[in-house]
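The values are calculated or read from the model by the stated rules, or taken from the named source; none is laboratory data. Keep in mind that what you see is a predicted model, and the values were worked out from it rather than measured. Here the Cβ positions follow ideal geometry from the backbone for every residue, glycine too, while neighbour counts run over all protein chains shown. Just the protein is used for accessible areas: all its heavy atoms, side chains included, with ligands, DNA and RNA removed. Shrake-Rupley method; radii C 1.70, N 1.55, O 1.52, S 1.80 Å.
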Amino acid sequence: MISLTRISRFFRHAGRQIWFRAAVISATSVVIAALAGIVARAIPYEFTGDVGQSAVGKILEIIASSMLAVTTFSMTAMVSAYSSATQLATPRATQLMISDRTSQNALSTFLGSFIFAVVGIIGLQTHLYGGQGRVVLLLATIILIVLVEVTLLRWIAHLAAFGWMADVIDRVENAACAAMSAFARNPYDGARPAIAVPASAMAICSIDIGYVTHIDAEALALLAQKHDLAIHVEVLTGTLVHPNRPLLRIVGDASSDPVRKALANAFTAERHRRFDHDPRLGVIALGEIAGRALAPATNDPGTAIEVVNALFRVLSLLPADAPPSDADRPPVYMARPSADELVRGGFVPIIREGAGEEEVVIRTRKVLDALGKALPHGAETTQSLSDELRRNVERNIKDDRALLRALEI
């Protein structure tokens, strides 16, 4: 049985979502254009004006030719923005740009308008519409023109910032904050904190090779209660799994193949990691952007400083490692990403690549100090990173005055 969670995840997939939206709008346009003649017969009011067939046809021809050009231009602009983000920021940001709603709405509207115009022209050339039908088609065309104009204005304004470095950083930061906030609200996803796994526990491995993008904790809880099992989840979201790596270990009778298959199906493994349930990916992607900006070929310390600020905002949401009460929780045991893992995932590339940039070092040390005060449970990690940064700076900055400025907060 396919769960509602899987269905919703299917349609949230960026590549499928844009074409699903375009298909819906195109199908609606076809229905409106094709049924204009039928709708006209059902209208009790008789239009006195006579709309010529050539008049409506010329308008539809203009819309068809212009929308085809606009759709092509929009696709070119979107692909250019994706390419720019991949080369200048990080390839991980591309999935966020593909799922941009404004781009999807614009492309879907332009494509739907083109299909509407083509179907309308076919109907006029085959004499599908009478005088009443042509009036209805004209009214629908006027409404479509208004919709296209509003969408085009929004799309032009959107292109002014779409794909720029600041836009990419903001998208990655927003995705990371959303994942971190969800993680802070429910660090163990409704399960219990991980405990020592009994030696007698049975391992269930993945069938596929890929990254875990979602763990259906509710399905695991139902299976644990139904079959009297204790389930110990062995992986986190974002973990690379394969047929020789256990997804989970179970204590209890799970010899039935359908039960074992249902347990394995609670884990979604895909070729690429996704931001929505993976707080680690957001901080890693931000670190990648900063590392690429600090590379000698780019040499953009300003972008690295923006990323350091973004990491500060994201990691400030990191919850303390306070185990929840086991009361009313199912016998499903799950680990969580540690503060050390999350903080290091974002700052290690900056500490490695930015040790020779005085302004980057100053901002990074200030943020690490502030982050250590804001997150007492991560103070040990921030202090360790600050010490590592100091050692790298002493090796890279040879000027004594610059070294003093960099190491003085």
Using a cut-off of 27 Å between alpha-carbon atoms, which lysines can reach residue 261, once sequence neighbours fewer than 8 places away in the same chain are excluded? 226
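Under the 0.36 nm per residue contour assumption, what length would be gained going from the current alpha-carbon distance of residue 226 and residue 329 to full extension?
Net length gain for the segment: 35.7 nm.
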Can you pull the percent of the stretch 244-385's accessible area that's carbon plus sulfur, 1.4 Å probe, other chains left in place? 48 percent
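Can you give me the convex hull volume of the Cα atoms of the stretch 297-409, divided per residue and expressed in Å³?
Working: hull volume 12.5 nm³, N = 113.
Expressed per residue, the convex hull around the Cα atoms of the stretch 297-409 is 111 Å³.
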Where a label projected 7 Å from the Cα of residue 178 along Cα→Cβ would reach, residues of the stretch 81-102 with amide N under 13 Å: 95-102
Step through the residues of the stretch 159-166 one at a time and calculate ³J(HN,Hα) from phi using the Karplus curve (6.51 cos²θ - 1.76 cosθ + 1.60, θ = phi - 60°), rounding each to whole Hz and writing x for Gly and Pro. 5, 4, 10, 5, x, 5, 4, 4
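Starting from the stretch 347-409, pick out the trypsin sites (Lys or Arg not before Pro) whose DSSP state is loop and whose Cβ has at most 12 other Cβ atoms within 10 Å.
Answer by residue number: 398.
If packing is taken as the average count of other Cβ atoms within 10 Å, what order do 113-125, 234-246 fall into, highest mean first?
113-125, 234-246
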Computed curve, the stretch 78-199, Cα-only Debye sum without solvent term, log₁₀ I(q)/I(0) at 0.11, 0.13 Å⁻¹, is -0.63, -0.74
At 7 Å along Cα-to-Cβ for each site, give me the label-to-label distance between residue 380 and residue 297 in nm. 3.9 nm
Rounded to the nearest 0.05, FRET efficiency between residue 86 and residue 373 (Cβ-Cβ, R0 41 Å) equals 0.65
For residue 272 and residue 75 in one chain, what is 0.36 nm times their gap in residues minus the Cα-Cα distance, to one decimal in nm? 68.6 nm
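How big is D, in µm² s⁻¹, for the stretch 165-324 by Stokes-Einstein at 20 °C and 1.002 mPa s if Rh is the Kirkwood radius over C-alpha pairs? Each step should come with its number before you reach the end.
Values: Rh = 17.5 Å.
Value of D from the Cα-based Kirkwood radius: 123 µm²/s.
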Would you kindly state how much longer the chain becomes between residue 405 and residue 390 on full extension, computed as 0.36 nm times their sequence separation minus their alpha carbon distance, in nm to one decimal? 4.2 nm
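Among 155-166, 279-290, what's the highest-first ranking by average C-beta atoms within 10 angstrom per residue?
279-290, 155-166
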Spelling it out for residue 214: with amide H atoms placed in the peptide plane at 1.01 Å from N, the residues 5 or more places away or on another chain with amide H under 5 Å from its amide H are 268
Using 7 Å Cα-to-Cβ label points, what is the residue 255/residue 348 separation (nm, one decimal)? 4.4 nm
Under the Karplus relation 6.51 cos²θ - 1.76 cosθ + 1.60, θ = phi - 60°, what is the ordered set of whole-Hz ³J(HN,Hα) values for the stretch 116-126, x standing for Gly and Pro? 4, 5, 5, 5, x, 5, 4, x, 5, 5, 9
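Report the calculated FRET efficiency for residue 58 and residue 161 (r = Cβ-Cβ distance, R0 = 30 Å), to the nearest 0.05. Walk me through the numbers before you get to the answer.
Details: r = 37 Å, r/R0 = 1.22.
Computed FRET efficiency for residue 58 and residue 161: 0.25.
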Step through the residues of the stretch 288-298 one at a time and calculate ³J(HN,Hα) from phi using the Karplus curve (6.51 cos²θ - 1.76 cosθ + 1.60, θ = phi - 60°), rounding each to whole Hz and writing x for Gly and Pro. 5, 4, 5, x, 5, 5, 8, 5, x, 5, 9
